[in-house]
Amino acid sequence: MFVVQEVFFFCVLVSIWNIRGQYLVRNGQYSEKLAYADLSVRLAPPHLLQPKPDVRDLVFGKYFTDHMFKVFFHEDLGGWQAPEITPLESLVLHPASKALHYAVQAFEGMKAYRGKDDKIRLFRPELNMQRLNHSAKRLGLPSFNSTQFIKCLSRLISIDQEWVPHCETASLYIRPTVIGVDPTLGVATSRSALLYAILCPVGSYFHGQVSKGVSLLADPSYTRAWPGGCGDSKLGSNYAPTIHIQEKAEEKGLQQVLWLYGEDMQLTEVGTMNIFMFIINEEGEKELITPPLNGLILPGITRMSILNLAHEWNQFKVIERIITMEEVCRLTSEKRILEMFGAGTACVVSPISNIHFLNQFLHIPTMEQPSPLYDMILKSLLNIQYGYVPNHPWIIKVE
């Protein structure tokens with residue numbers, strides 16, 4: 001009888017330990033298992049290496065480098081497995097994978113820049129990792145150690161370093177992605193995941209539009225995000241529903257969509273960018289405004305960097321608050337809007353010239369300013385990214 005009780009209590013303890021282990025994995029406490037020290041590298045054979053495209057031919061997201069990074073997570077095997085760098089190859093997924101059925105998928109967008117000294121630099125990558133972990137948590141996907149992943153990405157970039165354009169009009173776009181790969185149907189936490197990263201050299205996102213500014217469609221019939229939703233996470237499911245509306249904008253000869261929310265038509269994002277407005281306020285002072293991080297917009301790394309720079313310069317007021325279309329219309333009629341621009345990794349800073357709203361065009365005089373703020377911000381960011389500001393704290397060099 002005593003032996004039976006001992007066996008019973010042992011089985012209970014094992015069950016408790018297994019449940020505890022699953023809890024720790026799900027809550028990110030095993031994330032250290034994604035270890036750079038375990039990274040293996042399998043190089044593409046010479047005959048499979050691709051020719052590098054001419055910088056003048058670069059189209060966003062069209063060309064990809066020779067290698068990729070990937071690491072699997074399996075809860076039943078204790079968490080993150082050994083990471084690897086392999087030749088760029090197709091993924092093999094079970095047709096019931098959660099990423100395919102329930103959009104259990106999150107991603108990031110970041111860049112590597114070749115500086116004037118031929119050194120390759122990453123711009124604030126720790127913030128991208130922080131945001132990707134936030135997005136993964138929103139989907140019930142496992143977290144990972146940011147420092148270890150950045151080291152793995154740096155190794156990948158060093159292997160494909162000749163794909164980083166040798167000029168300051170282009171860069172290497174980095175797309176880390178995490179997906180649920182459970183081979184089971186059912187809306188539930190994913191017990192298996194794949195974290196991977198691919199690279200592609202890119203040029204200008206808007207193909208010359210920066211010289212004359214972009215035009216926007218502001219249609220209150222469509223909403224990108226709402227309170228309690230996922231607008232503050234970078235999920236694939238946030239972007240697919242915008243494609244049809246983007247096509248409507250293009251049919252009108254416009255480049256992007258200005259996303260509005262609510263009965264008061266609050267400005268949230270422009271395309272895939274955060275939005276800024278530079279105005280003359282009621283007191284006659286210059287003021288830079290951007291919508292607050294209230295769950296409706298993505299906390300952009302470029303957005304944060306612009307706010308950091310503006311506070312450091314201390315040349316005008318800097319405010320995070322709600323902006324409505326009523327205010328934009330009023331300030332436009334009073335000629336108190338100086339500039340509007342979008343900001344994001346892909347385009348960096350993109351000036352806005354026109355907004356098509358309720359069958360009228362609102363002209364924004366961004367390109368008519370003698371010394372536009374957007375250009376000052378753009379040059380400042382590029383100088384940091386391409387190494388003209390030595391030892392800047394936002395930069396990590398790829399060795």
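Read-outs throughout are calculated quantities, based only on the coordinates presented, and are distinct from any laboratory measurement. If you're wondering where the values come from, they're calculated on a predicted model, not measured in any experiment. So basically every Cβ, Gly included, is an ideal-geometry build from the backbone, and we count neighbours across all protein chains shown.
Tabulated data for the structure shown
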item	result
Subset of region 306-321 (residues that are among the aromatic types (Phe, Trp, Tyr) and part of a loop (DSSP other than H, G, I, E, B))	316
Hey, residue 169 closer than 19 Å to residue 84 by Cβ and either under 22 Å from the mean Cα position of the chain (by Cα) or part of a loop (DSSP other than H, G, I, E, B) (or both) or not	no
Qualifying positions in region 110-148 - surrounded by 19 or more Cβ atoms within 10 Å (Cβ to Cβ), farther than 21 Å from residue 159 by Cβ and of a type in the set (D, E, K, R)	124, 131
Every residue from region 43-60 that is part of a loop (DSSP other than H, G, I, E, B) and either touching a helix residue (DSSP H, G or I) at 6+ places or on another chain (Cβ under 6 Å) or not small (Gly, Ala, Ser) (or both)	43, 45, 49, 50, 51, 52, 53, 54, 58, 59, 60
Pairs where the first residue, in region 32-46, is touching a residue at least 60 places away in the same chain (Cβ under 8 Å) and the second is part of a strand (DSSP E or B) and charged (D, E, K, R), C-beta under 8 Å, 6+ apart	39/84; 41/84
Of all residues making up region 178-209, the number that are touching a strand residue (DSSP E or B) at 6+ places or on another chain (Cβ under 8 Å) and under 30 Å from residue 352 (Cα atoms)	7
Qualifying positions in region 369-399 - assigned to a helix (DSSP H, G or I) and under 19 Å from residue 167 (Cα atoms)	378, 379, 380, 381, 382, 383, 384, 385
Only listed residue being without any contact (Cβ under 8 Å) to a residue 60 or more places away in the chain and within 17 Å of residue 178 (Cβ to Cβ), chosen from 100, 93	100
Given (1) closer than 30 Å to residue 169 by Cβ; (2) under 24 Å from the mean Cα position of the chain (by Cα); (3) not basic (Lys, Arg), number of the condition residue 118 does not satisfy	(2)
Pair list, Cβ under 6 Å, 6 or more apart: region 51-62 residue under 11 Å from residue 173 (Cα atoms), other residue of a type in the set (Val, Ile, Thr) and not in a loop (DSSP other than H, G, I, E, B)	60/202
Residue check for residue 143: touching a Gly at 6+ places or on another chain (Cβ under 8 Å) and part of a loop (DSSP other than H, G, I, E, B)	yes
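Rundown of residues vs (1) in contact with a helix residue (DSSP H, G or I) (Cβ under 8 Å, 6 or more places away or on another chain); (2) farther than 18 Å from residue 127 by Cβ, yes/no style:
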site	(1), (2)
275	no, yes
285	no, yes
290	yes, no
300	no, no
306	yes, no
314	no, yes
